[in-house]
Amino acid sequence: MTDYASSVRTLYWEDGGLMLLDQRQLPHQVEYVRCVAVEQVVAAIETMVVRGAPAIGIAAAYGIVLAVGSAFEKHGSRWPQHVDPQIDALEKSRPTAVNLRWAIDAMRKHFPAPAGDPRPTLLDVAERLHREDVAANRAIGEHGAIYLEANAQVLTHCNAGALATAGYGTALGVVRSAWRLGNIQRVYATETRPWLQGARLTTWELQQDGIPVTLIADSAAAQLMHGGGINCVITGADRIAANGDVANKIGTYTLALCARAHGVRFMVAAPLSTIDQTAPNGAAIPIEQRPAEELLSYQGHKTAPLGVPAYNPVFDVTPAALIDTLVTEVGALDGPDFASIAGLFKT
Ligand code: MRU
């Protein structure tokens, strides 16, 4: 087993299969789902066993190892003619997180010549991407933490932690690094309706590391900011357009508006793999709609009257103008825009 030096093991490769921490069961049960076929990886992404843009990307990279391995076993050196449908299914499993496409492209670049067994090469590439994501998050943590002064109270949305990445986290990577410096007094985690990533995952993950965390209802954020209780809002991102518009968990836009109204810094923490330079602005980012049932019921129990429709976009787009700071592994930008974001790729 590879040691990724992370507080929580979100995913790892073991004995020819991908082990995924089943995030639907948290915080009450810590169980892993084992995937030995790419179809299982696709289903795990679709059903939120694994979630969070970077974690989805790394899971897809291992999924390609499984897809290619199976095509090689069935078709020998003709495997390249048989993997596209499975890779397409992986790419479509969640539409907003661009890390999925990024990881698939990175794997495709390393497809070996068809003659030999492709699995060792591709497993090496997937494990390298895995390690690089953890390293990027640690660097994000260092670059972001310097914005937080002593006794900082931070508000975060959804889960952009170790559970949403290969390890350490993006928004929670900044929190972890600032905590080590002794500068975090408390983290406020929004519930994050309807999947409750904040209530179930962020609180659990921070509790594992002994970082003080308080849960709030999504609708309590303005009241908390109004009372002066928050120094910085930090979120992750699912896709960042070339002009700096950010797609992230539904409710992020509301928090950015709230932060601006109260003079609170709004920080987005994400690796370069989340920046989509082919999307000129947020309007070009596909927004995933999930089943109405996720809003109309809770754990199988109806919470709304029968026959009421529901609108369930699970991401929104925060305009770049509302983002005070964008933190990546190569450095932080204050007031990110097209030119400064393009510059990140030249460092
Ligand atoms: O629907 P989810 O749980 O996959 O949404 C996750 C988020 O919105 C995260 O903030 C984002 O992926 C960044 S994770 C480092």
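The values are calculated or read from the model by the stated rules, or taken from the named source; none is laboratory data. Because the structure is a prediction, the values reported are computed rather than measured. So basically every Cβ, Gly included, is an ideal-geometry build from the backbone, and we count neighbours across all protein chains shown. Accessible surface areas use protein heavy atoms only, side chains included; no ligands, DNA or RNA. Shrake-Rupley method; radii C 1.70, N 1.55, O 1.52, S 1.80 Å.
With labels modelled as points extended 7 Å from the Cα through the Cβ direction, what inter-label distance (nm, one decimal) is found for THR47 paired with LYS302?
2.5 nm
Residue separation times 0.36 nm, minus the C-alpha to C-alpha distance between GLN277 and ARG34: what's the value?
Details: separation 243, 0.36 × 243 = 87.48 nm, distance 3.40 nm.
Roughly 84.1 nm would be gained on extension.
With springs connecting C-alpha atoms under 10 Å apart, model the chain as a Gaussian network and identify which of ALA166, ALA126, ALA97 has the largest mean-square fluctuation.
Among ALA166, ALA126, ALA97, the largest mean-square fluctuation in the Gaussian network model of the chain belongs to ALA126.
Please name which of HIS82, ALA126, PRO336 has its Cα lying farthest along the dipole of the chain towards the positive end, using unit charges on Cβ (Lys, Arg +1; Asp, Glu -1) and the Cα centre as origin.
The residue sitting farthest along the positive end of the dipole is PRO336.
I need to check one value: relative contact order of region 21-140, counting alpha carbon pairs closer than 8 Å and at least 6 residues apart, in percent. Mind dumping the intermediate values first?
Values: 135 pairs, mean separation 31.1, N = 120.
Result for region 21-140 is 26 percent.
Points 7 angstrom from Cα along the Cβ direction at ARG24 and ARG186: gap in nanometres?
Going from the ARG24 label point to the ARG186 one covers 3.5 nm.
To two decimal places, what compactness ratio does region 141-344 give when its Cα radius of gyration is scaled by 2.2 N^0.38 Å?
Values: Rg = 16.5 Å, N = 204, 2.2 N^0.38 = 16.6 Å.
Compactness ratio reported: 0.99.
Among ASN231, ASN248, ASN312, which one shows the highest mean-square fluctuation when the chain is modelled as a Gaussian network with alpha-carbon springs under 10 Å?
ASN312
Counting other Cβ atoms within 10 Å, keep those with at most 15, restrict to DSSP loop, and tell me which trypsin sites (Lys or Arg not before Pro) in region 97-134 are left. Numbers along the way, then the final one.
Values: sites: ARG101, ARG108, LYS109, ARG128, ARG131; in loops: LYS109.
For trypsin sites (Lys or Arg not before Pro) across region 97-134 that sit outside H, G, I, E and B with at most 15 neighbouring Cβ atoms in 10 Å, the list reads LYS109.
For a quick protection proxy, order the peptides 288-294, 205-211 by their average other-Cβ count within 10 Å, most packed first.
Working: 288-294: 13.6, 205-211: 17.0.
Ranked by mean Cβ neighbours within 10 Å, highest first: 205-211, 288-294.
To the nearest 500 deg cm²/dmol, what mean residue ellipticity at 222 nm is calculated for the chain from DSSP H runs of n ≥ 4 alone, each contributing -39,500 (n - 2.57), summed and divided by the residues?
Details: 11 runs with 121 residues, N = 347.
Roughly -10500 deg cm²/dmol at 222 nm, from the helical runs in the chain.
Suppose every K and R has +1 on its Cβ and every D and E has -1 on its Cβ; what is the size of the dipole of the chain about the Cα centre, in Debye to the nearest 20?
On the way: 27 positive and 34 negative charges, 42 e Å.
Computed about the Cα centre, the dipole is about 200 debye.
Compare the peptides 34-45, 296-307 by average per-residue count of other Cβ atoms within 10 angstrom and give them in order, highest first.
Details: 34-45: 20.2, 296-307: 9.6.
Put in order of decreasing packing, that is 34-45, 296-307.
So, for region 69-182, what is the accessible surface per residue at a probe of 1.4 Å, expressed in square angstrom?
Numbers: 4640 Å² over 114 residues.
Averaged over the residues of region 69-182, the accessible area is 41 Å².
With unit charges on the beta carbon (Lys/Arg positive, Asp/Glu negative), name the residue among GLY52, ALA113, ALA136 whose Cα is farthest towards the positive pole of the charge dipole of region 16-161.
Towards the positive end, the residue furthest out is ALA113.
Among 255-268, 49-62, 79-92, what's the highest-first ranking by average C-beta atoms within 10 angstrom per residue?
Numbers: 255-268: 20.1, 49-62: 28.1, 79-92: 16.2.
Put in order of decreasing packing, that is 49-62, 255-268, 79-92.
Ignoring any ligand, DNA or RNA, what whole percent of the accessible area of region 106-240 comes from carbon and sulfur when the probe is 1.4 angstrom?
Working: 2510 of 4940 Å².
C and S atoms contribute 51 percent here.
For region 105-227, what mean projected area does the convex hull of the alpha carbons give, in nm²? Mind dumping the intermediate values first?
Values: hull surface 37.9 nm².
The Cα convex hull of region 105-227, projected and averaged over all directions, gives 9.5 nm².
Would you mind listing how long region 11-136 runs along its three principal axes, going by Cα atoms, in whole Å with the largest first?
Cα extents, longest axis first: 47, 28, 25 Å.
Which value in nm describes the separation of the simple spin-label points at GLN289 and ASP84, placed 7 Å from the Cα toward the beta carbon?
So the label points at GLN289 and ASP84 sit 2.9 nm apart.
Rg/Rh for region 193-289 to two decimals, with Rh computed the Kirkwood way over all alpha-carbon pairs.
0.99
Mind jotting down the distance between the C-alpha centroids of region 41-89 and region 161-203, whole Å?
First find each Cα centre; the distance between them is then 28 Å.
Whole number please: convex hull volume per residue, Cα atoms of region 7-81, in Å³. Display every interim value, and only then the final one.
Working: hull volume 6.9 nm³, N = 75.
It comes to 92 Å³ per residue, whole-number rounded.
From the C-alpha gyration tensor of the chain, pull out the three semi-axes of the equivalent ellipsoid (sqrt of 5λ each), sorted largest to smallest, in whole Å. All intermediate terms of the calculation are to be shown ahead of the outcome.
Values: eigenvalues 210, 102, 77 Å².
They are 32, 23, 20 Å, listed from largest to smallest.
Given Cα pairs under 8 Å that are at least 6 residues apart, what percent is the relative contact order of the chain?
On the way: 737 pairs, mean separation 55.6, N = 347.
Once divided by the residue count of the chain, the mean separation gives 16 percent.
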